[in-house]
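Take a look at the structure set out below.
Each reported figure results from applying straightforward, stated rules to the coordinates on display, with no laboratory input. A quick note: this is a predicted structure, and the numbers were derived from the prediction, not measured. Glycine also receives a Cβ, built like all others from the backbone with ideal geometry; neighbour counts cover every protein chain displayed.
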Amino acid sequence: MEIRYEIKGDILKTNDFEVCFPHCIDTVILFDDIFIVLLSPTDENGKIITNLKNNIYGVNADGKILWQIGSLSSPDTVFDSNNVGDTSFEPELFTGIHLWPDGVKATSFFALRYTLDHKTGKILKKDSVRW
């Protein structure tokens with residue numbers, strides 16, 4: 001059965017639940033019965049929200065928030081050692097999420113792309129995005 005949803009500002013709504021987030025929702029990807037939610041990195045005037053960090057959430061089909069993407073320097077972060085540079089930076093502001101053949105990817109404000117475990121929010125891999 002297809003799950004239908006709608007976004008109204010900071011609310012993700014289905015027939016079964018409503019979840020309210022601290023900022024407006026930018027993008028939602030439904031993958032494997034989990035809603036991957038990106039909160040908008042900008043305010044209503046298009047300015048970057050500088051105090052918004054780790055702005056990606058995972059929500060299950062019952063409306064329970066399963067995870068918020070954690071600090072990239074946390075001990076729970078799982079990286080492929082071939083793709084890692086310095087991980088001692090602060091939590092990130094994410095600007096995009098996309099579904100790729102190999103999973104969900106999130107792009108940061110600083111043009112880094114992270115592959116996520118959509119069930120846990122853990123970061124599995126980091127790549128640099130070239131302009």
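Using θ = phi - 60° in the Karplus curve 6.51 cos²θ - 1.76 cosθ + 1.60, the 3J(HN,Hα) couplings for the stretch 6-18 round to 9, 10, 10, x, 9, 10, 9, 10, 10, 5, 9, 7, 9 Hz; x is entered for Gly and Pro. For THR42 and TRP100, the difference between the fully extended length at 0.36 nm per residue and the C-alpha to C-alpha distance is 18.5 nm. Put simply, the amide H of GLY96, placed in the peptide plane, has neighbours under 5 Å in THR107, leaving out anything fewer than 5 places away on its chain.
Label-to-label distance for ILE49 and ARG4 is 2.8 nm, based on points extended 7 Å past Cα in the beta-carbon direction.
Working note: Karplus 6.51/-1.76/1.60 with θ = phi - 60° gives the stretch 109-125 the couplings 4, 9, 6, 9, 10, 10, 8, 10, 7, 5, 7, 10, x, 5, 8, 9, 7 Hz, where Gly and Pro are set to x.
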